[in-house]
Structure formats: C-alpha cells, structure tokens
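Student: Questions regarding the structure given below will be posed in turn.
The values are calculated or read from the model by the stated rules, or taken from the named source; none is laboratory data. Remember, predicted model here, so these are calculated numbers, not experimental data. Here the Cβ is made from the backbone with ideal geometry for all residues, glycine too, and neighbour counts use every protein chain on show. Heads up: the accessible areas ignore ligands, DNA and RNA and are worked out on the full protein's heavy atoms, side chains in. Shrake-Rupley method; radii C 1.70, N 1.55, O 1.52, S 1.80 Å.
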Amino acid sequence: EGASMADRIETKIREGISDIEYFSLKDQSDGCGAKFICIIVSKEFEDVKLLDRQRRVNEILSKEIAEIHAFELKTWTPKQWESKKSEYEN
C-alpha cells in the first residue's frame, strides 16, 4: 500500500477509463495529498452528460475521494479540451 494518493488515483483512472488523450493530476495541498485538481480528456466522454462523467470518475475513485478533502474534477472530450487547454497547460 506504499503508493502515494496521486499514484493510486492515476492508476485507477487509467484502469477505469479508456481512450485517455490527456491526464493531469496536481496536488494543491503542499504535499499532504489532501487536495487535488484532476483533468481527464477522453473520447469515452463523448455523448455523455457532464454529471454522468463526473459520477463515473467518482465511482472509480470512491475509496480515494473519501480520504481527501478536495477533489476538483474536469472531464472533457478531446474537442472540449482543444478550447480549454491553453488555460491549464503550463
């Protein structure tokens, strides 16, 4: 169980969601692993409502989310990402 929270989250997302074109997970908690912002870009999200995308990720990460204070989640299609990535890529 030595994996960090970030590693656990990334592993579960990559196992649970297919066709990921971009993935970003940033720890915003000064290293204590309690606050994250996560961006997932996948073709799997096409024709899926935003609420259903978020629900799907929350189900995949139910155990991890229970252990952290804040989890900001962005779930976008590749087309949506094209218009947003300049705000998030650094």
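Student: With a 1.4 Å probe and all protein chains left in place, how much accessible area per residue does region 1-62 have, in Å²?
Tutor: Heavy-atom accessible area per residue stands at 59 Å².
Student: Here's something else I'd like to know. Extending each Cα 7 Å along its Cβ direction at L50 and C32, get the distance between those two points in nm, one decimal.
Tutor: About 3.0 nm separates the two model spin labels.
Student: Quick check: the angle from helix 5-16's long axis to the longest principal axis of the chain, C-alpha only, nearest 10 degrees?
Tutor: 40 degrees
Student: Cut-off under 23 Å on the C-alpha distance; same-chain residues fewer than 8 positions from K26 excluded. Which lysines are left, in chain and number order?
Tutor: Once the sequence-local lysines are set aside, what remains near K26 is K12, K35, K43, K63, K74, K79, K84, K85.
Student: Which residue fluctuates most in the GNM of the chain (Cα springs below 10 Å): I13, I68, I60?
Tutor: I68
Student: Another question, then. Show S24, S18 ordered by accessible area, largest first, where the area counts protein heavy atoms only and the probe is 1.4 Å.
Tutor: If we order S24, S18 from most to least accessible, we get S18, S24.
Student: Using alpha carbons only, how many degrees (0 to 90, rounded to 10) separate the axis of helix 50-60 from the longest principal axis of the chain?
Tutor: 40 degrees
Student: Of the heavy-atom accessible surface of the chain (probe 1.4 angstrom), what whole percent is carbon and sulfur?
Tutor: Ligands and nucleic acids excluded, carbon and sulfur give 45 percent.
Student: Before rounding to the nearest 500, sum -39500 (n - 2.57) across all DSSP H runs of length at least 4 in the chain and divide by the residue total; then give [θ] at 222 nm in deg cm²/dmol.
Tutor: Taking each H run of at least 4 residues, the total per residue is -13000 deg cm²/dmol.
Student: Rank these by accessible area, largest first, 1.4 Å probe: E89, E64.
Tutor: E89, E64
Student: Let me ask you something else. Compute from the Cα atoms of the chain the Rg and the Dmax, the latter being the longest Cα-Cα distance, and quote both in angstrom.
Tutor: Every Cα atom of the chain included, Rg and Dmax give 12.8, 38 Å.
Student: Can you tell me, using C-alpha contacts under 8 Å and at least 6 residues apart, the relative contact order of the chain as a whole percent?
Tutor: 30 percent
Student: Please determine, in degrees from 0 to 90 and to the nearest 10, the orientation of helix 78-88 with respect to the longest principal axis defined by the Cα atoms of the chain, where the helix direction is its Cα long axis.
Tutor: With rounding to tens, the tilt is 50 degrees.
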